[in-house]
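The values are calculated or read from the model by the stated rules, or taken from the named source; none is laboratory data. Here the structure is a predicted model, which is why all the values come from computation and not from measurement. When we count neighbours, we look across all protein chains shown, and the Cβ atoms used for this are built from the backbone with ideal geometry, even at glycine. Surface accessibility is based on the protein's heavy atoms, side chains included, excluding ligands, DNA and RNA. Shrake-Rupley method; radii C 1.70, N 1.55, O 1.52, S 1.80 Å.
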Amino acid sequence: MFRLKKSGLVPAAAIGLLFAVCLTALLCLPLSAAVYRELVPSDSAGALAYIAAGLSVFFTVFIIARRRARQALPTAGLIAGGYCVLAAIVCAVCGTAARFGVWLAVLAAAVAVGALLGAVLSIRKKPRARRH
C-alpha cells in the first residue's frame, strides 16, 4: 500500500481488485453465518452477497483513490470492471453448474455503485487551495 501513490494506474487497480475480492470473502463469512443460524431469512442471501461486493469495492476504491490522490474515476472503473470480468470468468470456468444471467447484471450494478461512491467520496479539496 505504500507504493500505491507512485505506481501506475493498472498496477494500482490490480492491487485494488485483489483487495476487493479478499474483502468480499471476509464480508461474506459473517453474513453466511447469519443466514445459517437463521438470523436473517435465507431468501436474502443473494442480496447480502451483492451488498458485500458493493461495500468491498467501495472501501477498496476509497482507500486507493485517497492514497493516490489522482485518477479516482479511472481507478474505480478498472476495479469495478475487473471485478465483473473476474466474476464472468469464474462463471464460465465452472461449467454447467454456474450460468450467466441476471445475477451478473445485478452484481455489476452493485459494484459500479460502490466504485462510483468510493471515487466521489475520496476526492477532497485541500483547504489551502481555496482563495478568498
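Please go through (1) of a type in the set (A, V, I, L, M); (2) modelled with pLDDT under 90; (3) in a helix (DSSP H, G or I) for residue 55 and return the number of the only condition it doesn't satisfy.
(2)
Residue 44 - would you say it is farther than 14 Å from residue 75 by Cβ, of a type outside the set (A, V, I, L, M, F, W, C) and open to solvent by 60 Å² or more (accessible area, probe 1.4 Å)?
In short, no.
Say whether the condition of being modelled with pLDDT under 95, open to solvent by 20 Å² or more (accessible area, probe 1.4 Å), touching a Cys at 6+ places or on another chain (Cβ under 6 Å) and of a type outside the set (Phe, Trp, Tyr) is met by at least one residue in segment 124-131.
Looking through segment 124-131, none of the residues is modelled with pLDDT under 95, open to solvent by 20 Å² or more (accessible area, probe 1.4 Å), touching a Cys at 6+ places or on another chain (Cβ under 6 Å) and of a type outside the set (Phe, Trp, Tyr).
Residue by residue through segment 35-50, note down the ones that are more than 20 Å from residue 81 (Cβ to Cβ) and touching a residue at least 12 places away in the same chain (Cβ under 8 Å).
35, 45, 46, 48, listed by residue number.
Quick one: is residue 104 part of a helix (DSSP H, G or I), open to solvent by 30 Å² or more (accessible area, probe 1.4 Å) and at pLDDT 90 or above?
Taking the combined requirement at face value, the residue does not satisfy it.
Table: residues versus (1) open to solvent by less than 30 Å² (accessible area, probe 1.4 Å); (2) assigned to a loop (DSSP other than H, G, I, E, B); (3) on the phi > 0 side of the Ramachandran plot; (4) not acidic (Asp, Glu).
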residue	(1), (2), (3), (4)
7	yes, yes, no, yes
18	no, no, no, yes
24	yes, no, no, yes
31	no, no, no, yes
63	no, no, no, yes
78	no, no, no, yes
83	yes, no, no, yes
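Condition first: out of contact with any Ser or Thr (no Cβ under 8 Å at 6 or more places or on another chain), touching a residue at least 12 places away in the same chain (Cβ under 8 Å) and either open to solvent by less than 10 Å² (accessible area, probe 1.4 Å) or closer than 12 Å to residue 8 by Cα (or both). Now tell me which residues in segment 65-76 satisfy that.
71, 74, 75, 76
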